[in-house]
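Below is one structure; the comments refer to it alone.
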Amino acid sequence: MVGYVLPNEEVYWGILIALYPMLTGIVAGSFIVSTLYYVFGIERFEKVSRLALIISIAFIVSSPLPLIADLKQPSRAFEIYLTPNLSSPMAIFGYLLVSYVLLMVVEALLIYSAFFVNKANLSAGIKRVFYRALALGRKKISEEGLKRDKRMIKGIALIGIPVASLFHAYVGFVFGSMKAGVWWATPIMPVSFLISAIVSGIALLIVAYVIAEKVSKGMVDRDLLNHAARFLGWFIILDLSFQLLEILFRSFMRYEEWLVVQEVFFNKLATSFVGIQLLFGATLPLLLLIVPSVRRSSLWVSVVSIIAIIGVFAYRWNTVIGGQLISRTAEGILEYSIPIFGRFGLVTAISILFLPLFIIMILLLIVPWKIEVKVKTIE
């Protein structure tokens, strides 16, 4: 114990709250990657554009669960929509979440409109009703209709870019605007959260793409892998630069709280902060991605991506948990140990983490992620 802490202080936000920005980060990162083809027309990312959108939908559906599980009264979570409070960033998130879900669902329905129409026309019974509903009741699609859908997809995806950015940057805004949090109170926090979110989204997409190709016995596109790995490397550089900039700024300014910040992040949390977050999770994958053979190897680039994901989670962990270990007096240090079982425990967090992966598997059974569906039924 260094200095002293107030008698009513404790770590209120545990592993569930650390997991929450990880899930929302993957949502934002995956969606932004999907727009590389739909908005900017980068053809080499067409193969993974649908997969990126599927990943984003699966994770956004699961993202509120850590917050709901952490609430003392989870049954009252829906009241955020019944009693709006526009002065609260957390309340605004509720509306942002619903808007983002609707936006992605509409985009997905338009992207797969031709597929749904074909499936409905070739099916019977309940299956036909199911696909007809997904096709929004359409029985035919003309070439003009496909072009119209494509224009609408581009417009929706374009709107989705700032929405995706706000969806995750707001988490950094919530932390960064807390003046009482010595480690949190910085305007860099929203930008840093957003950049690391893109890192996690690209990394998970790379791993999902390699696994999907292996499971379907397809050929991994080495050129696509190389470009995705380059894209990942550039954002790791940005992410690491902002993190180091924050450390250098604090060390140069030498606020009164700097001594306790040093004690927490360079002593107590040295393994997770310096070891896992900065060295293992950011510097190591960056050095590996410099090697061309690594970028073209499905095994190595998957390993590098998993390491990058671990690094992003370490960043979330050190931000959420590490920020709370600093006493409000800025002199003492609190203690935190992860409970294994119970609503706030490690088992609950792992269960929530596996839910979006399960949803991805279900979605891939319903819609294709790689094959472009051509419709020949012309009005």
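What to note about this one:
- From the list LEU363, LEU286, LEU353, the lone residue that is more than 15 Å from ALA208 (Cβ to Cβ) and either surrounded by 15 or more Cβ atoms within 10 Å (Cβ to Cβ) or within 22 Å of the chain's Cα centre (by Cα) (or both) is LEU286.
- Of all residues in segment 195-227 being among the hydroxyl-bearing types (Ser, Thr, Tyr) and in a helix (DSSP H, G or I), the one that is nearest to the chain's Cα centre (by Cα): SER200
- Near pairs, Cβ below 8 angstrom, 6+ apart or cross-chain, from segment 70-93 (over 28 Å from LEU346 (Cα atoms)) to any residue that is surrounded by fewer than 10 Cβ atoms within 10 Å (Cβ to Cβ): ILE92/LEU86
- Annotation: of all residues in segment 37-57 being free of Cβ contacts under 8 Å to residues at least 24 places away in the same chain and part of a loop (DSSP other than H, G, I, E, B), the one that is surrounded by the most Cβ atoms within 10 Å (Cβ to Cβ) is ILE42.
- Test for ARG230: is it buried (at least 18 other Cβ atoms within 10 Å of the Cβ) and either in a helix (DSSP H, G or I) or not β-branched (Val, Ile, Thr) (or both): no
- No other residue among LEU23, LEU102 is under 21 Å from VAL367 (Cα atoms) and assigned to a helix (DSSP H, G or I) apart from LEU102.
- Residues located in segment 177-194, provided they are buried (at least 22 other Cβ atoms within 10 Å of the Cβ) and assigned to a helix (DSSP H, G or I): MET189, SER192, PHE193, LEU194
- Residue match in segment 124-136 (condition: outside any helix (DSSP H, G or I) and out of contact with any Phe, Trp or Tyr (no Cβ under 9 Å at 6 or more places or on another chain)): yes
- Residue match in segment 16-28 (condition: more than 25 Å from ARG343 (Cα to Cα), within 19 Å of the chain's Cα centre (by Cα) and at pLDDT below 90): yes
- Condition check for PRO162: outside any helix (DSSP H, G or I) and without any contact (Cβ under 8 Å) to a residue 60 or more places away in the chain: no
- Condition met for SER34 (without any contact (Cβ under 8 Å) to a residue 40 or more places away in the chain and either assigned to a helix (DSSP H, G or I) or of a type outside the set (A, V, I, L, M) (or both)): no
- Per-region count, segment 329-379, residues acidic (Asp, Glu) and at pLDDT 90 or above: 0
The values are calculated or read from the model by the stated rules, or taken from the named source; none is laboratory data. Just so it is clear, the model here is predicted, and its values are computed rather than measured. Don't worry about glycine lacking a Cβ; one is built from the backbone with ideal geometry, like all the others, and counts go over all protein chains shown.
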